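Okay, structure first, notes after.
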Amino acid sequence: MRIKTDVVIVGTGVAGMFSALKLPRDKKIVIITKEDMRSSDSFLAQGGICVLRDENDYDSYFEDTMKAGHYENRKESVDIMIRGSRDVINDLVGYGVDFKMDGDDFAYTREGAHSTSRILFHEDITGKEISSKLLAQVRNRSNITIMENTTMLDIIEKDNTCYGIIAAGENDTLYAITAPYTLWACGGIGGLYTHSTNYRQLTGDALAIALNHNIELEHPDYIQIHP
């Protein structure tokens, strides 16, 4: 079966759903997932999400992030993450995410490698709170089509240009989903390991496809075992 769309997104965790919601509403979007929409590691994440509290916190936040990444982080990416964090939080709140409050301000806590409290959270199920609210918004968008139980098999590529994906759906139905833009938000390879709390379907499909098409990978040795 052939499907023509403006954007195809592979993956329905926070990355895939947030991206779909941020794209223009006049674009037709197809978003696929190997299982059902809730079977992503994003739903399993318990801890919170870090945010820049104010400009005085920037240097500390930057150093904490670089140190946690053994200074192998791309500095430009760290800067974008930090400076864009408040806008992302505002977007999430606008989508209905209910972070714990302390009066009129957020309640901040401290986690992991952070040297100060800059983590927002919802009880001990922050991932479920964020993901479920994003899913409700995605289901409410008429320009977004969701295809569950659909697995990407390959990309459609010619002359170093990607034109979409080949996917397998239920009852072994094959799909050619063509689009000017293909976005991978596929998760990692944690499901390949015997001892992992990741969903078993997270098997690094996109990484394997990338290698088959001579797409350069960066830091494939960094593996997230726990959501």
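If you plug each phi of the stretch 74-88 into the Karplus form 6.51 cos²θ - 1.76 cosθ + 1.60 with θ = phi - 60°, what whole-Hz ³J(HN,Hα) values come out, in order, with x for Gly and Pro?
Couplings: 6, 4, 4, 5, 4, 4, 4, 4, 5, 5, x, 5, 5, 5, 4 Hz.
Highest mean first, how do 144-155, 167-178 rank when packing is the count of other Cβ atoms within 10 Å averaged over residues?
So the order, starting with the most tightly packed, is 144-155, 167-178.
Pairs of alpha-carbon atoms within less than 8 angstrom and 6+ residues apart define the contacts here; what relative contact order does the chain have, in percent?
Computed over the chain, the figure is 28 percent.
Using a 7 Å offset from Cα along Cα-Cβ at HIS213, what residues in the stretch 158-178 end up with backbone N under 11 Å from the label point?
Within reach of a label on HIS213: 158-166.
Could you work out the helix-only [θ] at 222 nm for the chain, with each DSSP H run of four or more residues adding -39,500 (n - 2.57) and the total divided by the number of residues, to the nearest 500 deg cm²/dmol?
Here the helix-only value at 222 nm equals -9000 deg cm²/dmol.
Going down the list LYS75/LYS128; LYS100/LYS133; LYS34/LYS158, which pairs span over 22 Å between their C-alpha atoms?
Violating the 22 Å limit, Cα to Cα: LYS75/LYS128; LYS34/LYS158.
Per the Kirkwood definition applied to all pairs of different Cα atoms, how many angstroms is the hydrodynamic radius of the chain?
The answer is 18.9 Å.
Using a simple charge model, +1 on the beta-carbon of Lys and Arg, -1 on the beta-carbon of Asp and Glu, nothing else, what dipole does the chain show about its Cα centre, in debye to the nearest 20?
Using only the charged Cβ atoms, the result is roughly 720 debye.
What angle, in degrees between 0 and 90 and rounded to the nearest 10, separates the Cα long axis of helix 126-139 from the longest principal axis of the Cα atoms of the chain?
That works out to roughly 40 degrees.
Once the Cα atoms of helix 58-68 and of the chain are each reduced to a long axis, what angle between those two axes, in degrees from 0 to 90 to the nearest 10, is obtained?
Long axis of 58-68 versus the principal axis of the chain: about 60 degrees.
Considering only DSSP beta bridges where both residues belong to the chain, give the percentage that are antiparallel (nearest 5).
Just about 50 percent of them are antiparallel.
If I take every Cα pair under 8 Å that is 6 or more residues apart in the stretch 1-94, average their sequence separation and divide by the length, what percent do I get for the relative contact order?
This gives 23 percent for the stretch 1-94.
What's the extension gain from TYR193 to ALA136 if we count 0.36 nm per residue and subtract their Cα-Cα distance?
Details: separation 57, 0.36 × 57 = 20.52 nm, distance 3.12 nm.
Here the segment from TYR193 to ALA136 would lengthen by 17.4 nm.
Ranked highest first by average number of other Cβ atoms within 10 Å, how do 215-222, 201-208 line up?
Listed from highest to lowest mean packing, they are 201-208, 215-222.
Readers should treat all values here as calculations from the given coordinates under stated rules, not as data from a laboratory. Fair warning: this is a prediction, and the values are worked out from it, not measured in the lab. Because the Cβ atoms are built from the backbone with ideal geometry, glycine has one as well, and the counts that use them run over all protein chains shown.
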